[in-house]
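Working notes, structure below.
Quick note: the coordinates plus some simple rules give every number you see, no bench work behind them. Everything numeric here is computed off the predicted structure, so don't read it as measured data. So basically every Cβ, Gly included, is an ideal-geometry build from the backbone, and we count neighbours across all protein chains shown.
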Amino acid sequence: MLAHNVSAEVRRAISRGEFIPGQKLNEVALADRFGVSRNTLREAFAMLTAEGLVERIPNRGVFLATPTAEFITDTFRARAAIEPAALLWGTDLDVDRLEELNAEGRTAIEEQDDDLFIAVNQAFHHVVLSSMGSKTLGDTMDQLDAFLRLATLPILEKDPSFNRRFIGINEHIVELLRADDRQGASDYLQHQLIELSTEIIEMIEKINSGQLI
């Protein structure tokens, strides 16, 4: 259980952008940070390795994964499966809270606080998924947050404001929900997630080839 908690904390740190793709994770520093033994930390690393978030390289250590096109596609397909389902079938969808988060997101954009906007955007999608009332799905969303942050970090290094575009998507989802069009909101989000997957892959390929500086 302790290793599970540590793995969850590492995921949250990744979601907050504390690490970069390919970075070596310092076992001593992280064990001290979380107040656990290195053995417990290694158990947590084993869990994260199984998820694809980190990789252990023999005689070198543990490194954060570097997202591939397949990694990004898989992440967005997972989100495109569970989040639209929550918009369609969630029994406790808090539209008022979603609207409040959009207002907070607009404020973050006005203040040019991109880290805050990312946190608000993540909260928006967690509220959507929490309407399903499933802890398992909540844990899955924590994993996907970390995957998504890894996938977009190369883009954020070039354009810190990249995530601001999501406010329009989130606001349109609320508009559809206010109009009692849950099917429309579900279809719209699914389409946006699939399109975003392709866009992110194309942008990262341009960054890697030096076309996007």
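How far, in degrees from 0 to 90, does helix 135-158 lean away from the longest principal axis of the Cα atoms of the chain, to the nearest 10?
Tilt of helix 135-158: around 80 degrees.
Considering all alpha-carbon pairs of segment 91-184, what whole percent are spaced by more than 18 angstrom? Each step should come with its number before you reach the end.
Numbers: 2162 of 4371 pairs.
When all Cα pairs of segment 91-184 are counted, 49 percent exceed 18 Å.
Full extension from Glu100 to Ala78: what is 0.36 nm times the residue separation minus their Cα-Cα distance, to one decimal in nm?
Numbers: separation 22, 0.36 × 22 = 7.92 nm, distance 2.60 nm.
Using 0.36 nm per residue and subtracting the Cα-Cα distance, I get 5.3 nm.
On a straight-distance basis, which lysines could pair with Lys24 in a cross-link, Cα separation under 27 angstrom, same-chain partners fewer than 8 positions away excluded?
Within reach: Lys158, Lys206.
How long, wide and thick is the chain, going by the Cα atoms along their three principal axes, in whole angstroms, largest first?
57, 44, 33
To test your reading of the geometry: what angle, between 0 and 90 degrees and rounded to tens, separates the Cα axis of helix 69-89 from the longest principal axis of the chain?
On a 0 to 90 degree scale, this one is about 40.
Return the distance in nm (one decimal) between the two label points of a simple spin-label model at Ala69 and Ile169, each offset 7 Å from Cα along Cα→Cβ.
It is 2.0 nm.
Please compute, for the alpha-carbon atoms of segment 40-162, the extent along each of the three principal axes and give them in descending order in Å.
Per principal axis, max minus min of the Cα coordinates gives 52, 34, 29 Å.
Along the charge dipole of segment 14-77, which of Ala46, Gly35, Thr68 sits closest to the positive end, that is, farthest toward it, with unit charges on the beta carbon of Lys, Arg, Asp and Glu (+1, +1, -1, -1)?
Of the options given, the answer is Gly35.
For the chain, what is the mean residue ellipticity at 222 nm derived from helices alone (per DSSP H run of n ≥ 4: -39500 (n - 2.57); sum divided by total residues; nearest 500 deg cm²/dmol)? Before the final figure, lay out each step's value.
Numbers: 9 runs with 154 residues, N = 213.
Taken over the chain, the calculation gives -24500 deg cm²/dmol.
If each of Leu2 and His126 carries a label point 7 Å out from its Cα toward its Cβ, how far apart are those two points in nm?
The answer from the label model is 2.5 nm.
In nm, give the distance between the simple-model label positions of Leu116 and Ala50, each being 7 Å from the Cα along the Cα-to-Cβ direction.
Each label point lies 7 Å from its Cα, and together they span 3.9 nm.
Could you give the dipole magnitude of segment 52-170 about its Cα centre, charging the beta-carbon of Lys and Arg +1 and that of Asp and Glu -1, in debye to the nearest 20?
For segment 52-170, the charge dipole is close to 540 debye.
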